[in-house]
Amino acid sequence: MDNATMTPEQQARRERALAFARELMRIKREGQEEIRNDYKNPEVREVIDRLRKRNAQQRSSRL
Amino acid sequence: MPNREAPAYEFEALGGSNNVYAFVSINDVGYEVRFKPSGYLLPDPVLSDYVYEMVIDLVYNPFTPELPPVDERISTTIALIVHDFFQVRERGMIYICDDSDSRAYARKRLFDRWYNQHIKVGARFTRYEFPIEIDDDGTVYFAALICRLDNPYQVEMYMAFRRLALGEK
């Protein structure tokens, strides 16, 4: 059903449903942006670098 | 527990208000999984403390600007992280598929496969899918709520999100 054939109540429902979906997507995008910038955070950098180091050690010990 | 066909990577829980977890793949790629508080979407203050949206992205990518190779261990690791997050049984987790590059359908198929392979198998969780919405600009929205079967707020959470997803008042 397209917008032209919807009753005003159906259109209002669709708008509310879309507003909810857009808000969920906004939270997701905000979280993605936070993650992409998180390596600048010293605490996160330390964890990631420690995990990278452990992976490298495991790889070299298998050789 | 999830089906461990591929061994998980070691992960660390950094915690914080966004419940951050991190791990690094065999290709030296860093991933973060966050559970962002999203309960403010719900009108019920009791439920609102327990609702989170899961977000996954790359925190360290040595392949930039290319996307890194993926492997089965990544999905196993994310499943273990989700199990860890659900140690608090009252929690509910929302996931919405990204439609960038118009790939929402493909991402939904991937999410379904991941859920069936790693989460559903233990029979400890349930998933509610919400009606698909297509925005005026063609953006497709798929969203789902995952709860533990013994979550005491499971039905209330589902009903609250169903009302929102259907645009009911």
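The values are calculated or read from the model by the stated rules, or taken from the named source; none is laboratory data. Just so we're clear, the structure is a prediction, and the values are computed from it rather than from any experiment. Cβ: placed from backbone, ideal geometry, glycine included. Neighbour counts: every protein chain shown. Quick note on the areas: whole protein, heavy atoms, side chains included, nothing else; ligands and nucleic acids left out. Shrake-Rupley method; radii C 1.70, N 1.55, O 1.52, S 1.80 Å.
If you go through the stretch B:4-15 and keep only what is free of Cβ contacts under 8 Å to residues at least 40 places away in the same chain and more than 9 Å from chain A (Cβ to nearest Cβ), you end up with just B:15. Restricting the stretch A:35-63 to residues that are farther than 16 Å from residue B:62 by Cα and among the basic types (Lys, Arg), the residue that is modelled with the lowest pLDDT is A:62.
Taking residues in the stretch B:20-36 that are more than 7 Å from chain A (Cβ to nearest Cβ), and partners anywhere that are of a type in the set (S, T, N, Q) and open to solvent by 10 Å² or more (accessible area, probe 1.4 Å), the pairs with Cβ atoms closer than 7 Å and at least 6 places apart or on different chains are B:29/B:61; B:35/B:18; B:35/B:19.
Can you tell me which residue is nearest to the other protein chains (Cβ to nearest Cβ) among those in the stretch B:87-106 that are in a helix (DSSP H, G or I) and surrounded by fewer than 18 Cβ atoms within 10 Å (Cβ to Cβ)? First the steps, then the outcome.
Step one: list which residues in the stretch B:87-106 are in a helix (DSSP H, G or I), which gives B:100-102, B:104-106.
Checking which are surrounded by fewer than 18 Cβ atoms within 10 Å (Cβ to Cβ) leaves us with B:100-102, B:105-106.
On the way: B:100: 9, B:101: 14, B:102: 14, B:105: 15, B:106: 16 Å.
Residue satisfying both the conditions and the ranking: B:100.
Scanning the stretch A:13-34 for residues being open to solvent by less than 70 Å² (accessible area, probe 1.4 Å), at the interface with chain B (Cβ under 7 Å from one of its Cβ atoms) and over 30 Å from residue B:61 (Cα atoms) gives a total of 4.
Residues being open to solvent by 60 Å² or more (accessible area, probe 1.4 Å) and over 13 Å from residue B:92 (Cα atoms): count how many of those fall in the stretch B:157-167. Residues in the stretch B:157-167 being open to solvent by 60 Å² or more (accessible area, probe 1.4 Å) and over 13 Å from residue B:92 (Cα atoms): 2 in total.
Being in contact with a Phe, Trp or Tyr (Cβ under 8 Å, 6 or more places away or on another chain) and open to solvent by 60 Å² or more (accessible area, probe 1.4 Å) is the filter; apply it to the stretch B:27-70 and report the residue that is nearest to residue A:48 (Cα to Cα). Going through the qualifying residues, I end up with B:37. If the condition is being more than 12 Å from chain A (Cβ to nearest Cβ), open to solvent by less than 20 Å² (accessible area, probe 1.4 Å) and polar (S, T, N, Q), then the stretch B:71-86 contributes only B:76.
Among the residues of the stretch B:118-156, those identified as assigned to a loop (DSSP other than H, G, I, E, B) and open to solvent by less than 20 Å² (accessible area, probe 1.4 Å) are B:130, B:135, B:142, B:151.
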